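Chemist: Dumping the structure here so I can ask a few things about it.
The values are calculated or read from the model by the stated rules, or taken from the named source; none is laboratory data. Please read all numbers here as calculations on a predicted model, not as lab measurements. Methodologically, a virtual Cβ is constructed for each residue, glycine included, from the backbone with ideal geometry; neighbour enumeration extends over all protein chains shown. For accessibility, only protein heavy atoms count, side chains too; no ligands or nucleic acids. Shrake-Rupley method; radii C 1.70, N 1.55, O 1.52, S 1.80 Å.
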Amino acid sequence: MLQDKKKRKVTIVGAGAVGSTYAYALAQSGFADEIVLTDLNGDLAKGQAMDLVQGVPYMPPVEIHAGSDEDFADSDLVVVTAGAKQAPGETRIALLRRNAGIIAGTMQRIAASGCSGVVLLVSNPVDILTKIALDASGWDRSRVFGSGTVLDTARFRHALSRDAKVDPRNVHGYILGEHGDSEFPAWSLTTVAGMSFGKFCEQAGICPETGRNVRKAIEEEVRDSAYHIIDYKGSTYYAVGMALTRITGAILRNEGSILSVSVELQGEYGLEGVCLSVPCIVGRSGIRQVLDAPLPPEELELLRESGARLRKALEALRTPE
């Protein structure tokens with residue numbers, strides 16, 4: 001007699017705009033069999049789950065409901081989107097300390113549940129909070145990592161595909177470093193049809209202006225796009241929901257996908273003890289391998305500068321007021 005396959009279960013911590021939009025995208029993907037929404041505001045989690053579940057007749061089979069910390073134990077993936085908002089007059093470092101406390105407490109509860117799955121951090125600043133969560137868990141870095149620059153990489157690929165007039169799925173490249181102002185595109189790893197971006201444009205006879213000024217404009221567009229969206233509508237959540245669904249598929253389907261997630265470096269690229277985004281092989285058990293890509297000196301220096309910036313922020317966080 002055939003036995004039922006184990007359900008692929010995802011528990012989301014935080015049922016606000018990002019958490020609920022991710023749940024909506026994930027429900028339509030068919031990657032998960034069970035999606036659980038949790039939030040300190042229990043009514044919000046219940047309302048979001050109720051709203052989502054009423055669309056189940058139009059989705060692949062999936063169970064959606066509100067839950068609690070008890071759901072961590074048998075989750076294949078726990079996605080943490082929760083975090084405090086800045087209060088009037090509150091400094092950035094004070095907000096960071098509050099969020100660090102929230103994330104550390106959440107991670108300790110997840111670890112205490114006996115969860116044997118993977119934890120994905122989304123809360124910002126994601127690189128710093130990923131390090132906080134990893135330290136609080138006592139787990140291996142392969143099981144606790146951040147969404148990093150997966151969304152920034154999608155923005156980069158979209159910008160390049162628009163200029164090259166090709167399908168963005170045929171553009172390959174990564175934004176590396178901090179998910180923030182010190183991030184940068186690894187042009188040395190960027191290809192279209194197996195060719196460098198400049199060579200492709202030259203051969204295809206399109207996007208002729210691939211010089212430094214055009215590249216600088218693309219870099220600024222990618223880095224600043226979130227600020228523009230926030231100015232227009234207050235927050236970003238649609239594209240990040242899809243980016244999280246992409247990472248989720250890589251985990252639940254054991255794809256071995258190469259994604260620019262935020263991971264603690266342990267000597268790779270000459271960096272140690274900070275979390276930032278580099279290409280990683282992602283599968284069922286989390287990060288299978290951190291790829292130490294051969295970056296040219298100028299890109300390696302940018303990555304190390306990004307790491308130094310994050311280390312400075314961590315030191316400020318840990319310094320008593």
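Chemist: How charged is the neighbourhood of residue 293? Take every other residue with its Cβ under 15 Å from the Cβ of residue 293, and add Lys/Arg as +1 and Asp/Glu as -1.
Modeler: Numbers: positive: 304; negative: 268, 292, 298, 299, 301.
Result for the local shell: -4.
Chemist: Is the range 160-302 best put as rounded, prolate or oblate by its Cα gyration tensor, with a ≥ b ≥ c the root eigenvalues, rounded for a/c under 1.5, and otherwise prolate when a/b is larger than b/c, oblate when not?
Modeler: Because its axes are fairly even, with a/c under 1.5, the range 160-302 counts as rounded.
Chemist: Leaving out ligands and nucleic acids, note down the accessible area per residue over the chain with a 1.4 angstrom probe, in whole Å². Before the final figure, lay out each step's value.
Modeler: Values: 15440 Å² over 321 residues.
Accessible area per residue: 48 Å².
Chemist: Okay, next question. Please compute the Kirkwood hydrodynamic radius over the range 64-196, one decimal place, Å, based on all pairs of different Cα atoms.
Modeler: One over the average 1/r among Cα pairs gives 16.8 Å for the range 64-196.
Chemist: In addition: Looking at the chain, what % of its DSSP beta bridges pair antiparallel, to the nearest 5?
Modeler: Details: 19 of 39 bridges.
Counting DSSP beta bridges with both partners in the chain, the antiparallel share is about 50 percent.
Chemist: Using a ≥ b ≥ c from the Cα gyration tensor of the range 219-307 (square roots of the eigenvalues), is it rounded, prolate or oblate, where a/c under 1.5 gives rounded and otherwise the larger of a/b and b/c decides, a/b for prolate?
Modeler: oblate
Chemist: Could I ask something else about it? List the residue ranges in the chain for DSSP H helices whose C-alpha atoms run 20 angstrom or more along the long axis and whose Kyte-Doolittle average is -1.0 or above. Before the final figure, lay out each step's value.
Modeler: Numbers: long enough: 92-112 (30 Å, 0.48); 150-164 (21 Å, -0.35); 212-233 (31 Å, -1.06); 238-252 (21 Å, 1.34); 297-318 (31 Å, -0.64).
Span-like helices here: 92-112, 150-164, 238-252, 297-318.
Chemist: With a 10 Å radius around each residue's Cβ, average the other Cβ atoms per peptide and rank 221-227, 8-14, highest first. Please report the intermediate quantities before stating the final value.
Modeler: Working: 221-227: 16.7, 8-14: 26.9.
With the highest mean Cβ count within 10 Å placed first, the list reads 8-14, 221-227.
Chemist: Let me ask another. So what is the calculated 222 nm ellipticity per residue for the chain, using -39500 (n - 2.57) for each DSSP H run with n of 4 or more, over all residues, to the nearest 500 deg cm²/dmol?
Modeler: Working: 9 runs with 140 residues, N = 321.
Roughly -14500 deg cm²/dmol at 222 nm, from the helical runs in the chain.
Chemist: Still on this model: Principal axis lengths of the range 118-239 from Cα atoms, whole Å, largest first?
Modeler: For the range 118-239, the Cα extents along the three principal axes come out at 52, 34, 23 Å.
Chemist: Further, regarding this structure: Can you list the residues, at least 5 places off or on another chain, whose amide H is less than 5 Å from the amide H of residue 255, using H built in the peptide plane?
Modeler: 284
Chemist: Sort all Cα-Cα distances of the chain into consecutive 20 angstrom bins from zero, then give the percent of pairs in each bin up to the one containing the longest distance.
Modeler: 32, 57, 11, 0
Chemist: Another question, then. Of the accessible area of the chain, with the probe set at 1.4 angstrom, what percent is carbon plus sulfur?
Modeler: Working: 8160 of 15440 Å².
Accessible surface attributable to carbon and sulfur in the chain totals 53 percent.
Chemist: Report the gain in length on full extension from residue 181 to residue 221: 0.36 nm times residue separation, minus Cα-Cα distance, nm rounded to one decimal.
Modeler: On the way: separation 40, 0.36 × 40 = 14.40 nm, distance 1.17 nm.
Difference between extended and current length: 13.2 nm.
Chemist: What do you get for trypsin sites (Lys or Arg not before Pro) in the range 109-206 restricted to DSSP loop and a cutoff of at most 11 other Cβ within 10 Å of the site's Cβ?
Modeler: 165
Chemist: Along the Cα-to-C-beta direction of residue 305, a point sits 7 Å from the Cα; which residues of the range 251-282 have their amide N less than 19 Å from that point?
Modeler: Within reach of a label on residue 305, which here means backbone N under 19 Å from a point 7 Å along Cα→Cβ, the range 251-282 contributes 269-272, 275-278.
Chemist: To continue, here is another question. Checking the cross-link filter: which lysines have an alpha carbon closer than 27 Å to that of residue 6, excluding same-chain neighbours under 8 positions apart?
Modeler: Counting by Cα, and skipping residues close in sequence, residue 6 has these lysines nearby: 46.
Chemist: If you don't mind, another one. Here are some pairs, 7/312; 85/312; 131/199; 9/131; which of them have Cα atoms lying more than 32 Å apart in this structure?
Modeler: From the list (7/312; 85/312; 131/199; 9/131), the Cα-Cα distance tops 32 Å for 7/312; 131/199.
Chemist: At 0.36 nm per residue, and after removing the present C-alpha to C-alpha distance, how many nm does the segment from residue 230 to residue 56 gain when stretched out fully? Each step should come with its number before you reach the end.
Modeler: On the way: separation 174, 0.36 × 174 = 62.64 nm, distance 3.05 nm.
So the chain would gain 59.6 nm between residue 230 and residue 56.
Chemist: Continuing with this model, one more query. Relative to the present Cα-Cα distance, how much length would full extension add between residue 268 and residue 162 at 0.36 nm per residue of separation?
Modeler: 34.9 nm
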